[in-house]
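In what follows, a structure is listed as structure tokens, so that the remarks can point back to it.
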Amino acid sequence: MSSQKKCLDLLIVEDDITVQDVYKQRIEYFNQYGESNIEINLTIESDKDNALNLLSNTNRIFDGAIVDLDLKNSGGNDSSGNEVIREIKQNLRFPIFVISGTTHNLDSDLHGDTAFFKVRKRDDDEFDFCEEFVNIYNTGITNILNRKGMIEQHINKIFWNHLSNSMDLWIGDTKRTPEQKQNTLLRFFLLHVQEYLELTTESDFEKYHAAEFYITPPIKGKVYTGDVIIEKGTEKRYIVLTPSCDLAQSKAKEVLLAEIESKDKDGILKNFINIIHKDDKIDSLYLNAEADLKKIISNSYSNKYHYLPKYQDICDGLINFQKLKTVKNKDFCEGTLLFERIASVNSSFTKDIVARFSYYYSRQGSPDFDVDEIYESLIDK
């Protein structure tokens with residue numbers, strides 16, 4: 001293996017020798033001719049119990065697995081591969097591809113295709129598992145979340161370098177219950193992990209990806225500050241601005257919303273985009289629109305607006321702090337469902353939105369003087 005290449009460790013759980021040979025050939029071909037800086041390192045297990053033992057070995061780390069369902073060559077009567085899949089899904093964090101001639105034997109609780117879990121018939125020649133695994137590996141997700149990944153390294157640093165010096169605060173705390181202490185410790189850890197993750201290897205602040213802006217679906221069980229919602233019937237989108245303390249303690253009988261203007265609807269986003277799409281790329285109108293659109297994206301155009309990026313089915317939009325409405329908190333309860341919560345804005349970004357909203361409405365204007373009158377009095381001898 002070339003020293004410049006990274007190693008992707010792949011586990012294949014398959015009992016059929018002929019199929020094993022096919023996997024070996026495809027991986028050898030990929031390693032030799034593939035246009036990638038990744039080389040796949042293959043481990044094959046044909047027995048369910050051996051595979052489970054291997055997965056429980058903390059010294060073995062995998063970046064992906066291919067699992068057959070029938071591991072006894074029984075013609076479809078065996079489905080012990082389900083146990084291997086379940087072990088990975090419940091206790092480990094890497095993608096699994098179920099490639100089998102008996103995919104109908106997959107347990108019902110394991111169904112559901114995602115980027116990390118795919119089910120394919122063995123005769124599906126169009127499915128390039130090598131390319132699929134490499135594409136996932138290149139995101140860095142397995143290196144982040146595996147047993148010895150970045151998160152584990154950060155947790156070790158936090159435990160020894162930060163928590164060990166302040167643990168007496170929790171040990172000596174007699175006011176909180178053990179459960180409350182555990183929750184505060186969990187937040188302590190998460191805040192420190194966030195600090196580490198915000199820095200690059202050069203200790204600069206990393207720029208965020210648009211996907212980090214939202215949490216989908218929302219995790220909190222009820223409406224909360226920063227929730228992005230859709231009004232049933234009108235299909236208008238809003239963001240919740242009511243203070244989190246009021247919502248968390250169920251004090252708020254009404255919820256304050258600000259409308260999110262879509263780039264497809266009439267408004268400044270659509271206007272600037274239409275100008276930019278015109279053929280003439282050098283006239284002043286185009287240049288001004290380009291500059292203004294970039295200001296909107298960076299939230300430096302006007303405190304009246306706050307830009308929300310596109311993510312999956314969530315369209316780009318502008319929060320318009322002049323378009324406010326108040327609705328009953330009960331309108332979010334099950335049974336009424338006048339609104340649908342589609343996402344929550346990451347709390348780091350929610351704070352900026354709320355701060356901009358507060359600043360916009362806290363500006364204290366003063367009456368204008370009669371400038372001409374004062375001017376005349378100043379120059380009057």
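Please treat every number below as a calculation from the coordinates, not as lab data. Note that the structure is predicted; figures quoted are calculated from it, not measured.
Taking amide H as placed 1.01 Å from N in the peptide plane, Lys323 has its amide H under 5 Å from the amide H of Glu259, each at least 5 places away in sequence or on another chain. Normalising the Debye intensity of segment 150-197 to I(0), with uniform scatterers on Cα atoms only, and taking log10 at q = 0.17, 0.20, 0.26 Å⁻¹ returns -0.50, -0.67, -0.98. Highest mobility in the GNM of the chain, judged by mean-square fluctuation with C-alpha springs under 10 Å and restricted to Asp370, Asp227, Asp128, is found for Asp370. Calculated mean residue ellipticity, 222 nm, the chain: -10500 deg cm²/dmol, from DSSP H runs (n ≥ 4) at -39500 (n - 2.57) each, averaged per residue and rounded to 500.
Close amide-amide hydrogen proximity is noted between Thr242 and Leu256, each under 5 Å apart and 5 or more residues distant or on a separate chain (H modeled in the peptide plane; Pro and chain starts excluded). The angle between the Cα long axis of helix 178-197 and the main principal axis of the chain comes to about 90°, on a 0 to 90 degree scale.
Using C-alpha pairs under 8 Å with a sequence gap of at least 6, the mean separation divided by the residue count of the chain gives a relative contact order of 11 percent. Straight-line reach from Lys148: which aspartates and glutamates have a Cα under 14 Å away, not including same-chain ones fewer than 8 places off? Partners found: Asp9, Asp63.
Here the Karplus relation 6.51 cos²θ - 1.76 cosθ + 1.60, evaluated at θ = phi - 60°, turns the backbone of segment 294-308 into coupling constants of 5, 5, 4, 4, 8, 6, 10, 7, 7, 5, 6, 10, 9, 7, 10 Hz, with x for every Gly and Pro. Specify the residue with the greatest mean-square fluctuation among Gly140, Gly34, Gly172, computed from a Gaussian network of the chain linking alpha-carbon atoms under 10 Å apart. Maximum fluctuation in the GNM of the chain, among the listed residues, is at Gly172.
Per residue, the convex hull spanned by the Cα atoms of segment 208-248 measures out at 100 cubic angstrom. Comparing Thr234, Thr102, Thr184 in a Gaussian network model of the chain (Cα springs below 10 Å), the most mobile by mean-square fluctuation is Thr234. Between Val67 and Val13, Phe97, Val98, Ile99, the built amide H atoms are under 5 Å apart, and every one of these is 5 or more places off in sequence or on another chain. With percent of Cα pairs over 39 Å apart in mind, check (i) 18; (ii) 21; (iii) 43 and report the label derived from this structure. The value computed from this structure is option (iii). Axis angle, to the nearest 10 degrees, between helix 17-33 and the longest C-alpha principal axis of the chain: 50 degrees. In terms of distances greater than 28 angstrom between alpha carbons, the cross-link table entries Lys232/Lys294; Lys295/Lys323; Lys207/Lys270; Lys232/Lys295 yield Lys232/Lys294; Lys232/Lys295.
In sequence order, segment 340-348 has phi-based couplings of 10, 7, 9, 6, 10, 6, 3, 4, 4 Hz under the Karplus curve 6.51 cos²θ - 1.76 cosθ + 1.60, θ = phi - 60°, and Gly or Pro positions carry x. Here the Karplus relation 6.51 cos²θ - 1.76 cosθ + 1.60, evaluated at θ = phi - 60°, turns the backbone of segment 252-260 into coupling constants of 7, 7, 10, 10, 8, 10, 10, 6, 9 Hz, with x for every Gly and Pro.
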